[in-house]
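Read the structure below first, then the notes.
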Amino acid sequence: MSVAAGAGRALVTGAGGMLGHDVVPALRRAGWVVTAMDRADLDVTDPSQCVAAIDGHDLVVNTAAYTAVDAAETDEPSAFAVNAVGAANVARASSRAGARLVHLSTDYVFDGTATEPYAVDHPLAPRSAYGRTKAAGEWAVRALCPESWVVRTAWLYGAAGPNFVSTILQLAGERETVSVVDDQVGQPTWTVDLADLVVRLIAADAPYGIHHGTSSGQTTWFGLARAVFELSGLDPARVLPTTTDAFPRPAPRPAWSVLSHDSLERAEVAPLADWRAGLATFSA
């Protein structure tokens with residue numbers, strides 16, 4: 001039976017992470033028999049482990065990643081080992097096993113200076129170590145496993161990991177006011193929605209290549225924080241705007257992280273709803 005038919009054996013790497021936590025049940029609801037492996041179960045930097053783990057599976061969803069953006073600035077080799085070499089190991093093993101592959105990537109592969117949504121074929125120009133290692137991973141996946149989808153996402157939040165939404169709620173209980181940057185624009189994306197999109201891409205037998213998996217619409221971190229306050233019954237006036245320069249970080253943050261969904265529409269796969277819809281459901 002084909003992968004597009006939504007049946008068969010699927011392996012999720014990084015299953016203990018925030019996104020992997022939601023991809024596993026989404027695949028199971030779609031009829032897949034899922035093997036969930038977290039970092040303790042599978043070291044993606046070990047090629048022999050990847051071969052052994054992926055053998056016998058029809059589909060692999062690779063959510064394993066080094067995501068400590070600031071730490072990567074001073075430890076790029078560790079980030080590269082997971083995000084580039086690890087991605088290559090998973091892709092090579094997937095191709096060897098005859099398994100299709102979904103690989104998750106990031107808006108950080110772009111320079112963040114655009115003023116309109118990034119198309120899937122926009123030139124890559126990462127400005128951080130994290131972005132460079134994820135860009136290298138994309139290249140490896142596409143080179144080593146032609147039957148693969150690379151899904152770029154951004155501004156993720158979910159129940160199974162630390163994220164901006166939970167941090168804002170924590171700060172709301174500790175401070176009278178919260179200052180949040182208002183000069184970075186993106187698309188807040190709930191991990192449950194992204195997991196659903198991954199399943200729909202597979203079920204639709206969408207063209208292999210790169211797709212963008214982010215919510216529709218756009219806002220700033222300041223706008224997102226105000227929405228979190230409102231949905232929690234708190235006074236949004238307690239959220240104050242500030243600038244990126246006021247909060248210097250080791251890794252540069254993209255000023256613009258809005259991704260185009262044109263490739264999904266061409267594949268007749270519905271993009272995710274407006275970011276407010278996902279946030280409202282998550283916050284309910």
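Please tell me if T74 is among the polar types (S, T, N, Q) and buried (at least 17 other Cβ atoms within 10 Å of the Cβ).
Judged against the criteria, T74 is not a match.
Within segment 3-33, if we keep just the residues that are surrounded by fewer than 22 Cβ atoms within 10 Å (Cβ to Cβ) and not in a helix (DSSP H, G or I), the residue that is modelled with the lowest pLDDT turns out to be G6. Against the conditions (1) in a strand (DSSP E or B); (2) over 18 Å from the mean Cα position of the chain (by Cα), P77 satisfies every one except (1). Within segment 201-222, if we keep just the residues that are part of a helix (DSSP H, G or I) and either without any contact (Cβ under 8 Å) to a residue 12 or more places away in the chain or crowded, with 19+ Cβ neighbours inside 10 Å (or both), the residue that is farthest from the chain's Cα centre (by Cα) turns out to be F222. Check segment 172-179 and report whether any residue there is under 19 Å from A267 (Cβ atoms) and assigned to a helix (DSSP H, G or I). Within segment 172-179 (the criterion being under 19 Å from A267 (Cβ atoms) and assigned to a helix (DSSP H, G or I)), the answer is no, since none of the residues qualifies. Could we say that V198 is crowded, with 24+ Cβ neighbours inside 10 Å and either touching a residue at least 40 places away in the same chain (Cβ under 8 Å) or assigned to a helix (DSSP H, G or I) (or both) here? Spelling it out, V198 is indeed crowded, with 24+ Cβ neighbours inside 10 Å and either touching a residue at least 40 places away in the same chain (Cβ under 8 Å) or assigned to a helix (DSSP H, G or I) (or both). Condition test on A68, is it in contact with an Asp or Glu (Cβ under 7 Å, 6 or more places away or on another chain) and part of a loop (DSSP other than H, G, I, E, B)? No, not satisfied. Among residues of segment 52-65 being assigned to a helix (DSSP H, G or I) and touching a helix residue (DSSP H, G or I) at 6+ places or on another chain (Cβ under 8 Å), the one that is surrounded by the most Cβ atoms within 10 Å (Cβ to Cβ) is I54.
The values are calculated or read from the model by the stated rules, or taken from the named source; none is laboratory data. The shown structure was predicted, so the numbers you read here are calculated from the model rather than taken from an experiment. Virtual Cβ from ideal backbone geometry, glycine too; neighbours counted across all protein chains shown.
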